[in-house]
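First up is the structure itself, then whatever we jot down about it.
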Amino acid sequence: MMYRLSAYRQLKNRASSSHLNWITLFNSTRSNHTLSFATVKAEEVSGSQPAEVHNLVQGKWTKSSSWNTILDPLNGQPFIKVAEVNESELQPFVESLSKCPKHGLHNPFKAPERYLMLGDVSTKAAHALGLPEVSDFFAKLIQRVSPKSYQQALIEVLVTQKFLENFCGDQVRFLARSFAVPGNHLGQQSHGFRWPYGPVAVIAPFNFPLEIPLLQLMGALYMGNKPVLKVDSKVCIVMEQMLRLLHECGLPVDDVDFINSDGKTMNKLLVEAKPRMTLFTGSSRVAEKLADDLSGRVKLEDAGFDWKILGPDVNEVDYVAWVCDQDAYACSGQKCSAESILFMHENWSKSSLLDKMTELAARRKLDDLTIGPVLTVTTETMLDHAKKLLQIPGSRLLFGGEALQNHSIPKIYGAIKPTAIFVPLEEILKDEHYPLVTKEIFGPFQVVTEYKDNQLPLVLDALEKMHAHLTAAVVSNDILFLQKVIGNSVNGTTYAGLRARTTGAPQNHWFGPAGDPRGAGIGTPEAIKLVWSCHREIIYDVGPMPLGWKVPAST
């Protein structure tokens, strides 16, 4: 009891102090447009004023012996210096994780006041992100490192803010809600609890520098874990600044470690520190390696070759064409939920759909970043892929297939016009073509095909052969058609109906793959509980003993 009172007072004092810092943040933001937590100004990060990104371990911000220089994706200038930890500098991170017991920083029987503290942190952070100056800061910082239109970057910030709002107040402790089942006799009850893993790791990609790492990080914390966070070095500055904001909002500085390193070094950390669970969002190849190296102690939200099927009922062509354009080419196609292949019923190919998609793609310009640099696939790779697809019999270029012109994007990145290539359905299904057609190109690139009424089974066969089952869309208001497709597919996040899409997942529904027991979700209470906690059953059996009980015969 004394421990709990002492812990509560400490947290209360810490919260009181952080509340003052938060008020300072609020007032300074409203008065002079400076942000007390920020160590950079988004608009000023440049080759002439490079920013620095540090590491956080055991409650202290640290540098390292070497720096990784990040090139500006728009002009190639060295504009961010990242203090990357090498293999000889891992020990503090290993020690930090080892200090966290398997039963976590908190659980339903230990330090429950931390549930309340994290609800308070979420409240303050959500309010801070709602301030125009703060949301603008993060949107522009996202634009600097992962170029996308301002609207797309701002939506990422707003989704993150709404997520935090969803877990204000008591909502964090509600994640740990338990249940009880009556036992066989008086005094016996079975209780099920959500239990943390303890030391864990979060590995996040470049394409959503704020939303993906923050949502997974907070989910890990809510459930009682101690996470080490690794974000792609190209964009890690965004989460570095967000962690500083969380600290001002009351998050204890030693609750999270933040490491910058290359993949080999991070892999070594995971093998040596042995986190009880690692969440990985990224490529399938790396995901499979981690699953082997960590003996399956992983949750994965890996690559997605995402499909969209347009049903036989043609309606609202303008709207459907616009959604297709957004799904395939917003953020330059660098979404794990981006539309990779479009199966259109022959009724749609007789409409003006393809013409309208061509027009919409042509509107995208580098000037407003509605099309921009591709950070993981070069121009040559994408154009070579297009060339190979066009060698398939019956294939043809619908639009794009050319490099962007008149720009200063460095050659290590890609820069092509929004591209769509038609490939006949029968050719897609051939063994010699299927791997090529369904190769994920993480850029503004999609395959389009056509099917007839009697060819729907072929479409379903094509879906069955895919190995990644992240998002999908069935665009139809024909309920029997929807039932047929949904009942014969598996994608974890599937939109159905005339307004169906593959991208744009908000914070109010599950986002993640299906069909793989290692699959990880994001955003919802169900996702947080699945990824960041396990089930623990405690059976109370306190008696009383039956009157006249005697030792029975052995069995």
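The values are calculated or read from the model by the stated rules, or taken from the named source; none is laboratory data. Given the structure is predicted, the values throughout are model-derived calculations rather than measurements. Every residue, glycine as well, gets a Cβ built from its backbone with ideal geometry; the counts of neighbours run over all protein chains shown. Surface accessibility is based on the protein's heavy atoms, side chains included, excluding ligands, DNA and RNA. Shrake-Rupley method; radii C 1.70, N 1.55, O 1.52, S 1.80 Å.
Tabulated data for the structure shown
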quantity: Distance between the range 192-219 and the range 121-146 - C-alpha centres, whole angstrom; calculated: 19 Å
quantity: ILE538-GLU95 pseudo-label distance in nm [points 7 Å out on the Cα-to-Cβ vector]; calculated: 3.3 nm
quantity: Exceeding the 26 Å Cα-Cα cut-off - candidates LYS299/LYS439; LYS148/LYS388; LYS148/LYS226; LYS60/LYS264; LYS140/LYS388; calculated: LYS148/LYS388; LYS148/LYS226; LYS140/LYS388
quantity: Accessible area, probe 1.4 Å, largest first, for residues TYR319, TYR329; calculated: TYR319, TYR329
quantity: Positive dipole terminus of the chain, leading residue within ILE341, ILE212, ALA273 (C-beta point charges); calculated: ALA273
quantity: Neighbour net charge for LEU175 - beta-carbon separation under 13 angstrom, K R +1, D E -1; calculated: +3
quantity: Distance histogram in 5 Å bins (all Cα pairs of the range 60-191, percent per bin); calculated: 2, 8, 10, 10, 12, 15, 16, 12, 6, 3, 2, 2, 1, 0, 0
quantity: PHE208, PHE109, ranked by accessible area, largest first (probe 1.4 Å); calculated: PHE109, PHE208
quantity: Mean separation of Cα contacts under 8 Å, 6 or more apart, over the residue count of the chain: relative contact order %; calculated: 16 percent
quantity: Share of Cα-Cα pairs in the range 176-243 lying beyond 20 Å, as whole percent; calculated: 46 percent
quantity: Eligible aspartates and glutamates near LYS356 by straight Cα distance, threshold 14 Å, same-chain separation 8 or greater; calculated: GLU316, ASP318, ASP325
quantity: Average accessible area per residue (Å²) across the range 360-399 - probe 1.4 Å, nucleic acids and ligands excluded; calculated: 51 Å²
quantity: Unit charges on C-beta of K, R, D, E only; dipole of the range 278-353, Debye; calculated: 280 debye
quantity: Where GluC sites (Glu not before Pro) in DSSP loops with at most 15 other Cβ within 10 Å are excluded, longest remaining stretch of the chain; calculated: 1-315
quantity: Label-point gap, in nm, between GLN49 and SER190 - each point 7 angstrom along Cα→Cβ; calculated: 6.3 nm
quantity: The range 235-346 - Rg over Rh from alpha carbon coordinates, Kirkwood radius; calculated: 1.13
quantity: Volume per residue that the Cα convex hull of the range 280-355 spans, once the total is divided by residue count, Å³; calculated: 104 Å³
quantity: log₁₀ of I(q)/I(0) at q = 0.20, 0.22, 0.27, 0.28 Å⁻¹ - the range 276-321, Debye sum with one point per alpha carbon; calculated: -0.65, -0.73, -0.95, -0.99
quantity: The range 454-549 shape via C-alpha gyration tensor axes, a/c threshold 1.5; calculated: prolate
quantity: Test item: Cα-centred dipole of the range 176-311, Lys/Arg +1 and Asp/Glu -1 on Cβ, debye; calculated: 320 debye
quantity: Alpha-carbon Debye profile of the range 330-395, log10 I(q)/I(0) at 0.20 Å⁻¹; calculated: -1.17
quantity: Share of carbon and sulfur in the accessible heavy-atom surface of the chain [1.4 Å probe, %]; calculated: 53 percent
quantity: Gained length - LYS365 relative to THR62, 0.36 nm times residue gap less alpha-carbon distance; calculated: 105.1 nm
quantity: Charge dipole magnitude, Cβ of K and R +1, D and E -1 - the range 385-517, Cα centre, debye nearest 20; calculated: 460 debye
quantity: Virtual paramagnetic centre 7 Å along Cα→Cβ of LYS387, amide N under 19 Å, in the range 405-420; calculated: 405, 411-420
